Amino acid sequence: TLRLICTTTPVQRKNAGASGPEKYTDAFIKKQIEEFNLGKRHLANMMGEDPETFTQEDIDRAIAYLFPSGLFDEQARPLMKHPNEVFPEQRKIQWGEDGRPFHFLFYTGKQSYYSLMHETYEKLLNVQKHQDQLIAQDLPLQKEKRNLAGSRWLTKIELEEMLVEKVSDDDYSRFIQLLQKLVALPCADIEEKYIQKFSKEVPVQLQKVVIEPLQYDERGVAFSTGEGKRKTASATAVVYDNGTGKITVNGTDILHYFPVLQDREQLLFPFQFLGRIGKHDTVCTVSGGGRSAQAGAIRLATAKALRSFVTEKEVEFMRQAGLLTVDPRVKERKKPGQEGPRRKFTWKKR
Amino acid sequence: PCRDTARALGSSPASLAPCRIMPVRWSRYNPSYLEPEVKKESYQKPLEELTEEERELMELKAVRPIKAAPPTLSSSVFSDPMISKFTNMMMKSGNKVLARSLMSQTLENIKRKQLEKYHKAPENEKETIECNPYVIFHQALKNCQPIIGLSNITKGGKTYQVPVPLTDNRKRFLAMKWLITECRDNKHRRTMMPEKLSQELLLAFNNEGPVIKRKHVLHKMAEANRAYAHFRWW
């Protein structure tokens, strides 16, 4: 089974709409919307503004003026927003007045999920039938390979939002496996539209970063700056062109500042990777952290500075070598009830 | 178990370097981050020479974010992932400086011993003597790796030693662990670690010595317990 283990991504938002039983009927929400629109017009009249062009920002300003509140909690202050934003998108009550549910899979507990699985499997069977027909007529099967690298499947949270229902990890992985099986068949182009509903474009990574142009100092020598961080150390590096390969850190040569070979190897890593060891002069300032953290920070700073000297392809190679990523690893906090971040107290039998 | 989850999370193609660690526990990186490729040669290959797999991997790398290269890894000829793994295993209380110096002294010792042998040997044997300490290190490790391991399985109240296949990572780890423990425990107190290690590595290179013996003992035990092999369920 695929288990989502990483717990530090910011994508882990809770989907408030899917949790909890159904609370509001359709009619209730409609009434709330009518009351909101009426109230908006009254408010506009009160403030002396035109009711037709009264936007949400105007409403917020009017409420803040009429009901000033000194409460710290933003969510406790008086609020006037469209009901669709106030009431999270929940499933309306799924049964009629006689108590009979609308959907035929209601009693499974996860009606939208199972209906989705049924639909997808139906598409799979369609594709297989089409394939069999083509084989029966001795026609060649289409082998155009879908570019998997440029797209990703919906995440579990996005699927939950789509179905407005809680989806467990197991269910999600089963759904993804079914989709992958569908895509792997040769004649899957028939159901392309259906598959596109569940896949998203992933843009090429390199386009996100802006590379600064070279600057020139008084002597006419090209230079470029870069900043880097690692653990608690932060460094700035200025890389000059037409140099001899000297590197100065906080006014001292690297041989004196970093007595350990590993740190010096890290400083030279970007230059060695690009093959420009004797060609650039570097002046860096670094503060904070320990010896290895400072070396890592300077390495990142020099790599960022070197981007301006080098072609786009080489920048992509540097990124794939891991030179341009900020290392997110920091010291893990100590937890209560334990001696350190992972070490527990000595277990005593009595 | 955790290993299967790790393998399911992201498969590593066979073309990558040997010591690639898969994140088993949680890590500060999002699972979509890929491992960095540091060697310069892999970026200088023209497009036509790549196989299907490598082309797909390249396309994937263009889209996914990549982890930062760790401080022990660099593109210079002197950085070797196996050597850094070995140094980390030799390290005590985070004293990487000492471990690194011991490792470099060991390699120097190997080179000196081999050069002595080289200069003393007659002409026809000079070509067979290997002087490169890195080659000796890799070959010695390879010779020490066990093929099959034993694992304790409790069935019906009794614990049996069942022969079990080992993964590449586990084999490498066992070979390195045996070498280090052999040097730490079974030698004379006053000899220095580089000396002991270089001696062990040279013996392992020639398929002799106590570490190779330990490997053969393990193989014999596995062969003896062949009858319980069906207890394994994975």
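If residue B:8 meets every condition in (1) more than 19 Å from the chain's Cα centre (by Cα); (2) modelled with pLDDT of 65 or more; (3) of a type in the set (A, V, I, L, M) apart from one, which number is that one?
Going through (1) more than 19 Å from the chain's Cα centre (by Cα); (2) modelled with pLDDT of 65 or more; (3) of a type in the set (A, V, I, L, M) one by one, residue B:8 breaks only (2).
Evaluate region A:252-259: report whether one residue or more is within 14 Å of chain B (Cβ to nearest Cβ) and within 26 Å of residue A:311 (Cα to Cα).
For region A:252-259, residues within 14 Å of chain B (Cβ to nearest Cβ) and within 26 Å of residue A:311 (Cα to Cα): absent.
In region A:101-124, is there at least one residue being surrounded by 15 or more Cβ atoms within 10 Å (Cβ to Cβ), assigned to a helix (DSSP H, G or I), at pLDDT below 90 and hydrophobic (A, V, I, L, M, F, W, C)?
Among the residues of region A:101-124, not one is surrounded by 15 or more Cβ atoms within 10 Å (Cβ to Cβ), assigned to a helix (DSSP H, G or I), at pLDDT below 90 and hydrophobic (A, V, I, L, M, F, W, C), which makes the answer no.
Given the structure, is residue B:67 touching a residue at least 12 places away in the same chain (Cβ under 8 Å) and closer than 27 Å to residue B:28 by Cα?
yes
Determine, yes or no, whether residue B:223 is out of contact with any Asp or Glu (no Cβ under 8 Å at 6 or more places or on another chain), loosely packed, with under 12 Cβ neighbours inside 10 Å and not in a loop (DSSP other than H, G, I, E, B).
Details: out of contact with any Asp or Glu (no Cβ under 8 Å at 6 or more places or on another chain): yes; loosely packed, with under 12 Cβ neighbours inside 10 Å: yes; not in a loop (DSSP other than H, G, I, E, B): yes.
Yes; evaluated as a whole, the condition is true for this residue.
I'd like the residue in region A:32-85 that is among the charged types (D, E, K, R) and touching a Pro at 6+ places or on another chain (Cβ under 9 Å) and, out of all such residues, is surrounded by the most Cβ atoms within 10 Å (Cβ to Cβ).
Of region A:32-85, the ones among the charged types (D, E, K, R) are A:34-35, A:40-41, A:49-50, A:52, A:57-58, A:60-61, A:73-74, A:77, A:81, A:85.
Adding the requirement that they be touching a Pro at 6+ places or on another chain (Cβ under 9 Å) leaves A:35, A:40-41.
Values: A:35: 11, A:40: 19, A:41: 12.
It comes out as A:40.
In region B:128-159, how many residues are under 22 Å from residue B:174 (Cβ atoms) and of a type in the set (Val, Ile, Thr)?
Total satisfying the criteria: 6.
Take region A:78-100 and flag every residue that is touching a Phe, Trp or Tyr at 6+ places or on another chain (Cβ under 8 Å) and assigned to a helix (DSSP H, G or I).
A:83
Is it true that some residue in region A:131-150 is closer than 21 Å to residue A:25 by Cα, not in a helix (DSSP H, G or I) and not aliphatic (A, V, I, L, M)?
Here is the first cut: in region A:131-150, the residues closer than 21 Å to residue A:25 by Cα are none.
So far as region A:131-150 goes, no, none of its residues is closer than 21 Å to residue A:25 by Cα, not in a helix (DSSP H, G or I) and not aliphatic (A, V, I, L, M).
Scan region A:64-78 residue by residue and report those that are under 24 Å from residue A:44 (Cβ atoms) and aliphatic (A, V, I, L, M).
Selection gives A:64, A:66.
Which numbered condition in (1) facing chain B (nearest Cβ under 10 Å); (2) part of a loop (DSSP other than H, G, I, E, B); (3) under 26 Å from residue B:101 (Cα atoms) is the only one that residue A:203 fails?
Single failed check for residue A:203: (3).
Which number in (1) over 26 Å from the mean Cα position of the chain (by Cα); (2) of a type in the set (D, E, K, R); (3) over 15 Å from residue A:233 (Cα atoms) marks the one condition that residue A:291 misses?
Looking at each condition in turn, residue A:291 falls short on (3).
If residue A:257 meets every condition in (1) hydroxyl-bearing (Ser, Thr, Tyr); (2) within 33 Å of the chain's Cα centre (by Cα); (3) buried (at least 18 other Cβ atoms within 10 Å of the Cβ) apart from one, which number is that one?
Residue A:257 satisfies all of (1) hydroxyl-bearing (Ser, Thr, Tyr); (2) within 33 Å of the chain's Cα centre (by Cα); (3) buried (at least 18 other Cβ atoms within 10 Å of the Cβ) except (2).
Have a look at A:343, A:333, A:299, A:329 and point out the one that is among the charged types (D, E, K, R) and either assigned by the TED database to the domain that holds residue A:230 or under 30 Å from residue B:45 (Cα atoms) (or both).
A:299
Which of the residues belonging to region A:160-171 are on the phi < 0 side of the Ramachandran plot and touching a residue at least 24 places away in the same chain (Cβ under 8 Å)?
A:160, A:161, A:163, A:165, A:166, A:167, A:169, A:170, A:171 - these are the residues of region A:160-171 that are on the phi < 0 side of the Ramachandran plot and touching a residue at least 24 places away in the same chain (Cβ under 8 Å).
Please pick out the residue among B:109, B:152, B:143, B:132 that is closer than 30 Å to residue B:230 by Cβ and more than 14 Å from chain A (Cβ to nearest Cβ).
On inspection, the qualifying residue turns out to be B:152.
Among the residues of region A:273-286, what is the count of those that are surrounded by fewer than 21 Cβ atoms within 10 Å (Cβ to Cβ) and away from chain B (no Cβ under 14 Å)?
Adding up the residues that qualify gives 5.
Specify the residue that is surrounded by the fewest Cβ atoms within 10 Å (Cβ to Cβ); the eligible residues are those in region A:86-100 that are touching a residue at least 40 places away in the same chain (Cβ under 8 Å) and more than 20 Å from residue A:39 (Cβ to Cβ).
A:94
Going through region A:317-350 one residue at a time, which ones are at the interface with chain B (Cβ under 7 Å from one of its Cβ atoms) and among the acidic types (Asp, Glu)?
Across region A:317-350, the qualifying residue is only A:327.
Can you tell me which residue is surrounded by the most Cβ atoms within 10 Å (Cβ to Cβ) among those in region B:148-205 that are part of a helix (DSSP H, G or I) and among the polar types (S, T, N, Q)? Walk me through it before giving the result.
Kept after step one, since they are part of a helix (DSSP H, G or I), are these residues of region B:148-205: B:168-185, B:193-205.
Next, from what is left, pick out any that are among the polar types (S, T, N, Q): B:169, B:181, B:198-199.
Details: B:169: 15, B:181: 12, B:198: 25, B:199: 18.
Residue satisfying both the conditions and the ranking: B:198.
How do the helices (runs of 4 or more DSSP H) wholly within region B:19-100 filter down when requiring 2 or more residues that are surrounded by fewer than 16 Cβ atoms within 10 Å (Cβ to Cβ) and facing another protein chain (nearest Cβ under 8 Å): which remain? Steps first, please.
Working: elements: B:41-44, B:52-63, B:81-90.
In region B:19-100, B:52-63 are the helices (runs of 4 or more DSSP H) which contain 2 or more residues that are surrounded by fewer than 16 Cβ atoms within 10 Å (Cβ to Cβ) and facing another protein chain (nearest Cβ under 8 Å).
Yes/no matrix, rows are residues, columns are (1) part of a helix (DSSP H, G or I); (2) in contact with an Asp or Glu (Cβ under 8 Å, 6 or more places away or on another chain):
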{"residue": "A:294", "(1), (2)": "yes, yes"}
{"residue": "A:301", "(1), (2)": "yes, yes"}
{"residue": "A:305", "(1), (2)": "yes, no"}
{"residue": "A:314", "(1), (2)": "yes, no"}
{"residue": "A:325", "(1), (2)": "no, no"}
{"residue": "A:330", "(1), (2)": "no, no"}
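For residue A:270, only one of the following conditions fails: (1) assigned to a loop (DSSP other than H, G, I, E, B); (2) within 11 Å of chain B (Cβ to nearest Cβ). What is its number?
(1)
The values are calculated or read from the model by the stated rules, or taken from the named source; none is laboratory data. Keep in mind it's a predicted model, so treat the numbers as computed, not measured. Every residue, glycine as well, gets a Cβ built from its backbone with ideal geometry; the counts of neighbours run over all protein chains shown.
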